[in-house]
Amino acid sequence: SQIKDEGLGRSEKPDWVTIRATISFIKADTFCYTACPLMIGDRQCNKKVTKSGNMWVCDRCNQEFEECDYRYLLQAQIQDHSGLTWVTAFQETGEEIRGCSAKELYALKYEEEDEEKFASVVRGSLFLPFLFKLKIKEESYGEEQRVKVTVMKADTVNYVAECKFMTDSLLNHRHR
């Protein structure tokens, strides 16, 4: 609710928040995209590639590849005690949430066609508590302005540290 109530993401610079929340829903039909594997300097291109015959084609690099990379593009709904919001998680945070690579999950669904195992992985991250570091920024989509929430980090909750933080908060509050 803080994102909506405080109008986070609507200023020039992005807002950053860290929250403890659970994932209540993840779109399972579109969880990754096919990406260009070419290294440009020390970074991978990662632009979306399209299939052309037996090859993958990158418009940015103007090259063809026999193999492509698979990168997470998770769209999920997260919630805490105050409400819910839609977020997007990319490669690294997608792996933190799913516990496997996008390529492994793609292979389960489309190559091995193991629907049961795929569904198990998909359900595996639902309703587990995570500590999410979120970047909140308004972006333009055509004529429309929308607030986009991106997961920059997704850590499993460390209950020992969480309990210590809560205990310290209570003790500090009592001594005021």
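Within region 120-141, being at pLDDT below 90 and part of a strand (DSSP E or B) holds for GLU139, SER140, TYR141. Looking only at region 4-34, which residues are among the aliphatic types (A, V, I, L, M) and either under 28 Å from SER120 (Cβ atoms) or open to solvent by 40 Å² or more (accessible area, probe 1.4 Å) (or both)? ILE19, ALA21, ILE23, ILE26, ALA28 - these are the residues of region 4-34 that are among the aliphatic types (A, V, I, L, M) and either under 28 Å from SER120 (Cβ atoms) or open to solvent by 40 Å² or more (accessible area, probe 1.4 Å) (or both). Cβ-Cβ distances below 6 Å connect the following pairs, each with a first residue in region 48-70 that is farther than 9 Å from THR34 by Cα, a second residue that is of a type in the set (D, E, K, R) and not in a loop (DSSP other than H, G, I, E, B), and a separation of six or more residues or different chains: MET55/GLU64; VAL57/GLU64. Which residue pairs have Cβ atoms under 9 Å apart, sit 6 or more places apart or on different chains, and have a first residue in region 114-131 that is more than 11 Å from ILE97 (Cβ to Cβ) and a second that is open to solvent by 70 Å² or more (accessible area, probe 1.4 Å) and part of a strand (DSSP E or B)? Filtered contacts from region 114-131: PRO129/ARG20; PRO129/THR156; LEU131/THR18; LEU131/ARG20; LEU131/LYS153; LEU131/THR156. Residues that are open to solvent by 70 Å² or more (accessible area, probe 1.4 Å), within 23 Å of LEU105 (Cα to Cα) and among the charged types (D, E, K, R) were ranked within region 35-76; the one that is farthest from the chain's Cα centre (by Cα) is GLU66. Residue pairs whose Cβ atoms lie under 7 Å apart, separated by 6 or more positions or on different chains, with the first residue in region 141-155 and more than 13 Å from ILE23 (Cβ to Cβ) and the second assigned to a strand (DSSP E or B) and at pLDDT below 90, are ARG146/GLU139; LYS148/GLU139.
Filtering region 85-138 to residues that are acidic (Asp, Glu), more than 18 Å from ALA154 (Cα to Cα) and surrounded by 13 or more Cβ atoms within 10 Å (Cβ to Cβ) leaves GLU104, ASP114, GLU138. In region 88-99, the residues that are more than 19 Å from GLN77 (Cβ to Cβ) form no Cβ pair under 6 Å with any partner that is assigned to a helix (DSSP H, G or I), whether six or more places apart or across chains.
The values are calculated or read from the model by the stated rules, or taken from the named source; none is laboratory data. Note that the coordinates shown come from a computational prediction; the quantities given were computed from them, not determined experimentally. Please note: Cβ atoms are built from the backbone with ideal geometry, for glycine as well, and neighbour counts cover all protein chains shown. For the accessible areas, the whole protein counts, side chains as well, though only heavy atoms, and no ligand, DNA or RNA atoms are used. Shrake-Rupley method; radii C 1.70, N 1.55, O 1.52, S 1.80 Å.
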